[in-house]
Structures are given as C-alpha cells and as structure tokens.
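Beneath this line is the structure, given in structure tokens, with notes to follow.
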Amino acid sequence: MTPFTYAKADSAPDALRLAGDDAGARYLGGGTNLVDLMREGIERPATVVDVTGLSDAITTEDDGSLTIGAATTNAALAANTAVRERYPVLARAILGGASGQIRNMATVGGNILQRTRCTYFYDDAARCNKRVPGAGCDAVGGFNRNHAVLGASPDCIATHPSDMAVALAALDAVVHLDGPGGARIVPLVDFHILPGDTPDVETVLRRHELVTAVSLPALSFGARSAYRKIRDRASYAFALVSVAAAIDVDGGTIRDVRLALGGVAAKPWRAAIAEGLLRGKPATEASFAAAAAAELAGAKGYRDNAFKIELAKRTIVAVLGELTGIAVFGDRTGVDA
Ligand code: SF4
C-alpha cells in the first residue's frame, strides 16, 4: 500500500480543510471499499481524511422527511424504527447487502460512493477504461455475468454494487453535498453518471466535495414497499438483479408507484417508463408484465448476462405481486434471503 497521511475530521468544513490542496485526497467512511482499493493499488491517495466523525443522526423533520447523516452506519439505518415502519424497502435493501460485520462499519455516504465490483477493474493485468482511461474494456468480450444490461456503453458495462442506493432511488432520495463551492443538493437519481465514453467519471461530485447527508421525502405509501434481491448465493453476494418498489393501490387501480432496479446498470436504475405505464392501470399481473417489458425494451445483453433481461422483468412482476397480494403465476424468482 502506498504511504498516506491520515487525519480525522469532526465536521464538513474540517474535512475540507484537511483535504487541503491535494486534488487526490480521499474521504474515508467505514473503509469497506476504499481500503480494499488502496490495498490493491487501484486507489493511491496521499491524503486520507476520515469523515466518520460527521453526523450520524437520523432525524424526522417537520415536513415528515427523514434526514440521515452521512456517517450513519448501514446497520443503524436498517434498525431505525422510522425506517422500518415508513420505508421498509430501505431496511430490506440494506439487510440484503454484505454481512453483518460490514454493515456495522459501512456508512451511508460511503455506500453510495462504493465502486463497481467488476473483476477486471480490480485486476491490473486486465484492460479497464475505468481504471486506466483509454485502455479498453476486457469485460465486453470477457466474463460478464454480473455486468450491465441497461445504460452501458462500448467503453464500460460495469454495474453499481449498492443495494441501499437502489431503495434510495425508488424513494426519491436527495443527496446533500458540501465542498469548496458551498453546499448543494442533488437528487440520488442524478448523482451517479452512466459510463458513456468517460467511465472513470462516476458521479457529479466536484473536487473535494463530500456527502454530508441523505434525505428521504415523506411518502404516504412508503410502508407498502419491498426489496427483492436475486443473487448467485443466499448471502454475501452482489445482486444479479434487484427490485425496489412501493405502490399505492385504490380500489384495484394503481394510484402511484415507485420502482428502481439494481444490478443492471452503472447506477441505481429508476424505472420511470414502467412507473408511467402503471399509474392509473388495474393492479394485475398483465399490467405489471407490460410495464416491466417496456422498461427492459432497451436492454442489451452480452455474452454471459442476457438472462438478466428476463430475470429483471420477472422480478418486477413478482415484487409488485407481493406488494399487492396478487398471486403472480410464474414467480420463480425465489424469496429474498
Ligand atoms: Fe473496466 Fe468497466 Fe470494462 Fe469493467 S466493465 S473492465 S470497470 S471499463
């Protein structure tokens, strides 16, 4: 590991001060991804600023929204009563990720900033445009079972690995940032960037900006929400496909719905096409299937991952069936472990 300086910040201004003039400075949350990247030599910061001293409070605001400090651990967020009661999709997504030990360390800010688990990204003998811009991408013609089917480019087909961020995308979460240019907020769905021809640029973060909090607007039907994760083994595995959903049904008609997919793109994929088709439709398997098919109509499979397209459709139908109490024929996606 390359030598680096370490300092712990107790506030956002303190973190910015400690990052100083080092353009390559990195903020350290629980370290569950950054430390691995540093051990592998993929990240080589000369300055590491520990931001676990920033807020870890979870606060219900007067307008009913929930503000979550960036240093909140995944374990604490999943155990929070307001989250479990008002946004069960978020608690289930977090509990579907990683192991108990990792959830005890990983922070909310770090979770949304974690980097892809594409094996070629971690292998410095492989070509990877994300690690070395312009080098090529060995995943496109290589082993790509875990890779993207939506929003990918010829330069990168990596997926974003977070479960939590998929639920946040479905819940219209807003990311609070602070940096040399001042504080600003960005919708979670706009925070991550699809690869295009610059897969090394993954978020809208500017130099030295850091995540200070994430907020969730009040959602009247948030209690009727769920997360289902399909993976190669029952625990401690990244999603092949995941679905986060919340739905409001009135008299058999879908009044409103939130839907996001994980494991299929370089960012949590808000399924806006499907949502638009579902609103006002009867809550039936046929409506769910038509919306899922429309959302995945633009998907593209590669050598090993084309199965994800059908899997994503079926998982959308299955989760909406679960939430509406409709027995969905052909739900073969299994129950989330
Ligand atoms: Fe690198 Fe992206 Fe290609 Fe993986 S898919 S090797 S991260 S460029």
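The values are calculated or read from the model by the stated rules, or taken from the named source; none is laboratory data. What you are looking at is a predicted structure, and each value in this text was computed from that prediction instead of being measured. Quick reminder, even Gly has a Cβ in these numbers, built from the backbone with ideal geometry, and neighbours come from all protein chains shown.
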Check whether at least one residue in segment 185-205 is part of a strand (DSSP E or B), surrounded by fewer than 16 Cβ atoms within 10 Å (Cβ to Cβ) and out of contact with any helix residue (DSSP H, G or I) (no Cβ under 7 Å at 6 or more places or on another chain), and report yes or no.
yes
Tell me the residue from Thr32, Thr52, Thr60 that is crowded, with 19+ Cβ neighbours inside 10 Å and touching a helix residue (DSSP H, G or I) at 6+ places or on another chain (Cβ under 7 Å), please.
Thr32
Filter segment 1-21 for residues that are out of contact with any Asp or Glu (no Cβ under 6 Å at 6 or more places or on another chain) and buried (at least 16 other Cβ atoms within 10 Å of the Cβ) and give the result.
Phe4, Ala7, Ala9, Asp14, Ala15, Leu16, Leu18, Ala19
Yes or no: Lys300 at pLDDT 95 or above, under 16 Å from Val243 (Cβ atoms) and in the same structural domain as Ala244 (by TED's automatic domain parsing)?
no
Within the bounds of segment 226-236, is there any residue that is in contact (Cβ under 8 Å) with a residue 60 or more places away in the chain and under 13 Å from the mean Cα position of the chain (by Cα)?
yes
Just give me the residues in segment 150-184 being surrounded by fewer than 24 Cβ atoms within 10 Å (Cβ to Cβ) and within 16 Å of the ligand (Cβ to nearest atom), in sequence order.
Leu150, Gly151, Ser153, Pro154, Asp155, Pro161
Of (1) over 19 Å from the mean Cα position of the chain (by Cα); (2) within 8 Å of the ligand (Cβ to nearest atom); (3) not β-branched (Val, Ile, Thr), His147 satisfies all except one. Which?
(1)
How many residues are more than 19 Å from the chain's Cα centre (by Cα), at positive phi and in contact (Cβ under 8 Å) with a residue 24 or more places away in the chain when one looks only at segment 180-212?
1
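Among the residues of segment 12-19, are any assigned to a loop (DSSP other than H, G, I, E, B) and touching a residue at least 24 places away in the same chain (Cβ under 8 Å)?
The first filter runs over segment 12-19 and keeps only residues assigned to a loop (DSSP other than H, G, I, E, B), leaving none.
Among the residues of segment 12-19, not one is assigned to a loop (DSSP other than H, G, I, E, B) and touching a residue at least 24 places away in the same chain (Cβ under 8 Å), which makes the answer no.
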Residue match in segment 77-100 (condition: within 11 Å of the ligand (Cβ to nearest atom), on the phi > 0 side of the Ramachandran plot and either without any contact (Cβ under 8 Å) to a residue 40 or more places away in the chain or buried (at least 21 other Cβ atoms within 10 Å of the Cβ) (or both))
no
